[in-house]
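Colleague: My questions will all concern the structure given below.
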């Protein structure tokens, strides 16, 4: 039976993070910390949502705050820091917003003060990854900020050993190839948008002394405006979904809307799957393959694989582009007015160019992941954040394990007063079964008005441990697990 959520419980997570802590040991209130978990869970998300009484229009405009939970021999220590971007430093000193937000946050003073101010504030709030000696805070419209992986001290913008130009867009959704081509590597991209869009596909060494070195790159141009938040990989392909989107920049130029609010579903346009050959694969140097995609809008992909002349990609599909309008309050959003995301599989036939699709799970979901060793190959299992109810949109309150072959599933619920974030799957080193390991997830606990770390057994989602954290962390975005010391 579905447990009803309280909107105030959900909205209460949206607040400023008031403290920065260093190496504070945290303890389980239930269960024990698995001693095999040795590494660091890094999480990123908006930590500054209000300045001088003014709230951001959308939480995606909030300044990035990194949380690091270091696991060692059954103990956990917490460190958290804001990413000290140049814009964050300026606004901290001024005590007010000085920059417009992509998702609609305005500088004080109305449209006249915002008109023709086209500066982008790098908020470094979307993802955080370890690459060699650097921890990178990512935001897709600008370059990555480098941090010290242990202290989280901001070191400054990174060019990844001069692979990036100053200000060059760099995806917040890299994919980590576990070793399809001998050694592990990070595959990522940058995109320049306009009437035509150019994707720069890049592959970097991700382990050893060469970590962070650019191994290969290519540039491909496509017709039309490309809103690309995520992509997927197989051993031979990088797969992008070019959503059917219109972009009318006039309200942005006139100071009336944020850039993302100027996006709308492109009536009469056709979404496209763009398959770009990886330089490390069997089709290196060949032109991209283009497929018509099903109607709908996609932010995130689960995974992709290849079989019998087909590329198979699993994505979270929305019926329409979800947005928060200029006069709406994101803390009072009507969930029933926003389309839910459904996990959908598309089979792309490389020989005849045809495509078929099927819904794998109609339950509203986001932040779906597979075992990282199955990145780019067929996986049997997926873990995702889902709504409590089976049909329709609602806050994410449960973690679901889904068998991608037969559709069976199991569920761990934080309802009615808990709200989940992106789950991370950490595989066991001692058991090679695909679903052996742990699910780590931050949960907003509406009852105690704070954040819990919950550790679940990946195979059956049995609760292993609950750790009450000493800081309240707003609903966040993405994170990663690193075993590097």
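Colleague: Residues that are buried (at least 18 other Cβ atoms within 10 Å of the Cβ) and in contact (Cβ under 8 Å) with a residue 40 or more places away in the chain: which strands (runs of 3 or more DSSP E) entirely in the stretch 1-99 hold 2 or more of them?
Modeller: 39-48, 63-72, 75-82
Colleague: Moving on to the next point. What about residue 411, is it in a strand (DSSP E or B), touching a residue at least 40 places away in the same chain (Cβ under 8 Å) and crowded, with 22+ Cβ neighbours inside 10 Å?
Modeller: Criteria not met by residue 411.
Colleague: Taking into account only those residues within the stretch 178-197 that are in a strand (DSSP E or B) and crowded, with 18+ Cβ neighbours inside 10 Å, which is modelled with the lowest pLDDT?
Modeller: In this case the residue turns out to be 197.
Colleague: Sticking with this one: Of the residues in the stretch 468-482, how many are surrounded by fewer than 21 Cβ atoms within 10 Å (Cβ to Cβ) and within 18 Å of residue 28 (Cβ to Cβ)?
Modeller: Final tally of qualifying residues: 3.
Colleague: When you scan the stretch 455-463, do you find a residue that is over 26 Å from residue 58 (Cβ atoms) and at pLDDT below 95, even just one?
Modeller: no
Colleague: Testing residue 256 on (1) under 29 Å from residue 12 (Cα atoms); (2) modelled with pLDDT of 90 or more; (3) in contact with a helix residue (DSSP H, G or I) (Cβ under 6 Å, 6 or more places away or on another chain); (4) surrounded by 18 or more Cβ atoms within 10 Å (Cβ to Cβ), one condition comes back false. Which one is that?
Modeller: (4)
Colleague: Can I ask one more? I'd like to verify a number: residues in the stretch 330-344 that are surrounded by fewer than 18 Cβ atoms within 10 Å (Cβ to Cβ) and either farther than 26 Å from residue 6 by Cβ or touching a residue at least 60 places away in the same chain (Cβ under 8 Å) (or both), how many?
Modeller: Summing the residues that are surrounded by fewer than 18 Cβ atoms within 10 Å (Cβ to Cβ) and either farther than 26 Å from residue 6 by Cβ or touching a residue at least 60 places away in the same chain (Cβ under 8 Å) (or both) in the stretch 330-344 gives 3.
Colleague: Taking residue 223 as meeting all but one of (1) crowded, with 17+ Cβ neighbours inside 10 Å; (2) farther than 27 Å from residue 100 by Cα; (3) more than 24 Å from the chain's Cα centre (by Cα), write down the number of the exception.
Modeller: (1)
Colleague: In addition: Only one of these conditions is not met by residue 173: (1) in contact with a strand residue (DSSP E or B) (Cβ under 6 Å, 6 or more places away or on another chain); (2) surrounded by fewer than 22 Cβ atoms within 10 Å (Cβ to Cβ). Which number is it?
Modeller: Exception for residue 173: condition (1).
Colleague: Let me ask you something else. Please work out which one of (1) under 16 Å from the mean Cα position of the chain (by Cα); (2) at pLDDT 95 or above; (3) under 29 Å from residue 322 (Cβ atoms); (4) surrounded by fewer than 22 Cβ atoms within 10 Å (Cβ to Cβ) is the condition residue 200 fails and give its number.
Modeller: Condition (1) is where residue 200 drops out.
Colleague: Mind listing whichever residues of the stretch 357-408 are within 23 Å of residue 173 (Cα to Cα) and without any contact (Cβ under 8 Å) to a residue 12 or more places away in the chain?
Modeller: Residues satisfying the conditions do not exist here.
Colleague: Every residue in the stretch 128-151 that is closer than 18 Å to residue 87 by Cα and either out of contact with any strand residue (DSSP E or B) (no Cβ under 6 Å at 6 or more places or on another chain) or in contact (Cβ under 8 Å) with a residue 24 or more places away in the chain (or both), please.
Modeller: Within the stretch 128-151, 137, 138, 139, 140, 141, 142, 143, 144, 145, 147 meet the criteria.
Colleague: Among the residues of the stretch 25-39, is there at least one that is closer than 29 Å to residue 119 by Cα and touching a strand residue (DSSP E or B) at 6+ places or on another chain (Cβ under 7 Å)?
Modeller: Looking through the stretch 25-39, none of the residues is closer than 29 Å to residue 119 by Cα and touching a strand residue (DSSP E or B) at 6+ places or on another chain (Cβ under 7 Å).
Colleague: Among (1) in a loop (DSSP other than H, G, I, E, B); (2) more than 22 Å from the chain's Cα centre (by Cα); (3) in contact (Cβ under 8 Å) with a residue 24 or more places away in the chain, where does residue 228 come up short?
Modeller: It is condition (2) that residue 228 fails.
Colleague: So residue 64 clears everything in (1) in contact with a helix residue (DSSP H, G or I) (Cβ under 9 Å, 6 or more places away or on another chain); (2) closer than 30 Å to residue 430 by Cβ except one condition, right? Which one?
Modeller: The failed condition is (2).
Colleague: What is the residue count in the stretch 263-310 for residues that are closer than 28 Å to residue 104 by Cβ, modelled with pLDDT of 90 or more and crowded, with 17+ Cβ neighbours inside 10 Å?
Modeller: Here the count works out to 9.
Colleague: When you check residue 103 against the structure, is it under 26 Å from residue 27 (Cα atoms), in contact (Cβ under 8 Å) with a residue 60 or more places away in the chain and in contact with a helix residue (DSSP H, G or I) (Cβ under 7 Å, 6 or more places away or on another chain), yes or no?
Modeller: Here the answer is no, as residue 103 does not meet what is asked.
Colleague: Provide a single number: the residues in the stretch 155-173 that are without any contact (Cβ under 8 Å) to a residue 40 or more places away in the chain and part of a loop (DSSP other than H, G, I, E, B).
Modeller: Final tally of qualifying residues: 10.
Colleague: Mind counting the residues in the stretch 371-397 that are surrounded by fewer than 21 Cβ atoms within 10 Å (Cβ to Cβ) and not in a loop (DSSP other than H, G, I, E, B)?
Modeller: The qualifying residues number 4.
The values are calculated or read from the model by the stated rules, or taken from the named source; none is laboratory data. In this text the structure is predicted, and so the values were computed from the model without any measurement. We place every Cβ from the backbone using ideal geometry, glycine too, and count neighbours over all the protein chains shown.
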